[in-house]
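The values are calculated or read from the model by the stated rules, or taken from the named source; none is laboratory data. Just so it is clear, the structure is predicted and the values come from calculations on it, not from any experiment. Note that each Cβ is placed from the backbone with ideal geometry, even for glycine, and that neighbours are counted across all protein chains shown. The area values use the complete protein model at the heavy-atom level, side chains included, leaving out ligands, DNA and RNA. Shrake-Rupley method; radii C 1.70, N 1.55, O 1.52, S 1.80 Å.
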Amino acid sequence: MRQKIVAGNWKMNKTLEEANILASEVTGMVADEVKGDAKVIFCVPFPYLLPIKNQLGNNARISVGAQNCSEHESGAYTGEVSAPMLKSMGIPYVILGHSERRQYFGEDGKLLAKKVDVALKHGLSPIFCCGEPLEVREANGHEALVKKQVEESLFHLDADALKKVVIAYEPVWAIGTGKTASAQQAQDMHAVIRKHLASKYGQAVADTIIILYGGSVNAANAKELFSCPDVDGGLVGGASLKSRDFTEVIKGA
Ligand code: 13P
């Protein structure tokens, strides 16, 4: 059985005070109300990593993640944050290749392969995002594109390294639009990704890889999405910014 994960991607939202309140409300609700053993990750803006991590203390269920890191380990890269820095702060996860990074910051598959490598080298688990824009889905190119994204940035890894990667399938047309992929669409793509992993690493390895769905996950649709056999939880944007909504999403896992 693969571990279920529900990760909240806070993106560039919240003041420090609001962030503290959100984290503490979710922590309380999860402790009081959420059964099962789904793991929860708050992927917070860089400045909030330590405050939120310290607030969580030794919480066994909830951890923190960053939303990006540099492909470089150190040096004259003003404004960047490195994987060794994250590691030194005890941060276990980092989102890499989010479609917003690909779209607004020009990150491509080759660059992301470097980021994946540097994250793994320093003991971080990448949450690697892939997903197609609307026009690609409409032209029926979605499976080929997502397979290519996975190949370009992950297929150079050996099996042991791959097992530390969490994959998040996030169709771009479903992000922040209120349009969710149907459970069937999500399941179909997750199965395609897993089959593609199996073609390179074998079925046994592919079966261990956690694949999250992201794109307008909310309290109403989480349970159905997370019940699909190849959907191992979610990467949640908007609904992770409200404690009640996020808690309900977590309950779906
Ligand atoms: P929404 O849940 O707001 O659609 O965002 C999804 C996302 O981008 C998570 O990384």
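Restricting to the range 239-253, what's the tally of residues that are under 11 Å from GLY214 (Cβ atoms) and open to solvent by 10 Å² or more (accessible area, probe 1.4 Å)?
Residues in the range 239-253 being under 11 Å from GLY214 (Cβ atoms) and open to solvent by 10 Å² or more (accessible area, probe 1.4 Å): 1 in total.
Looking at (1) among the hydroxyl-bearing types (Ser, Thr, Tyr); (2) out of contact with any Leu (no Cβ under 9 Å at 6 or more places or on another chain); (3) more than 16 Å from the ligand (Cβ to nearest atom), which one does SER153 not meet, given that it meets all the others?
That leaves (2) as the condition not met.
Quick one: is GLY131 within 17 Å of the chain's Cα centre (by Cα) and closer than 18 Å to ARG194 by Cβ?
Spelling it out, GLY131 is indeed within 17 Å of the chain's Cα centre (by Cα) and closer than 18 Å to ARG194 by Cβ.
Checking LYS200 against (1) away from the ligand (no atom under 16 Å from the Cβ); (2) in a strand (DSSP E or B); (3) not acidic (Asp, Glu): exactly one of these is not met. Which one?
Only one criterion is unmet by LYS200, namely (2).
Does the range 25-41 contain any residue that is surrounded by 15 or more Cβ atoms within 10 Å (Cβ to Cβ), of a type in the set (Ser, Thr, Tyr) and without any contact (Cβ under 8 Å) to a residue 40 or more places away in the chain?
Yes; the residues of the range 25-41 include at least one that is surrounded by 15 or more Cβ atoms within 10 Å (Cβ to Cβ), of a type in the set (Ser, Thr, Tyr) and without any contact (Cβ under 8 Å) to a residue 40 or more places away in the chain.
So for the range 173-192 (the condition being open to solvent by less than 30 Å² (accessible area, probe 1.4 Å), assigned to a loop (DSSP other than H, G, I, E, B) and of a type in the set (Gly, Ala, Ser)), does at least one residue qualify?
Checked the range 173-192: at least one residue is open to solvent by less than 30 Å² (accessible area, probe 1.4 Å), assigned to a loop (DSSP other than H, G, I, E, B) and of a type in the set (Gly, Ala, Ser).
Checking VAL217 against (1) away from the ligand (no atom under 11 Å from the Cβ); (2) in contact with a strand residue (DSSP E or B) (Cβ under 6 Å, 6 or more places away or on another chain), which test does it fail?
The number of the failed condition is (1).
(1) open to solvent by less than 70 Å² (accessible area, probe 1.4 Å); (2) out of contact with any helix residue (DSSP H, G or I) (no Cβ under 9 Å at 6 or more places or on another chain); (3) away from the ligand (no atom under 16 Å from the Cβ): which one isn't true of ALA119, the others all being true?
(2)
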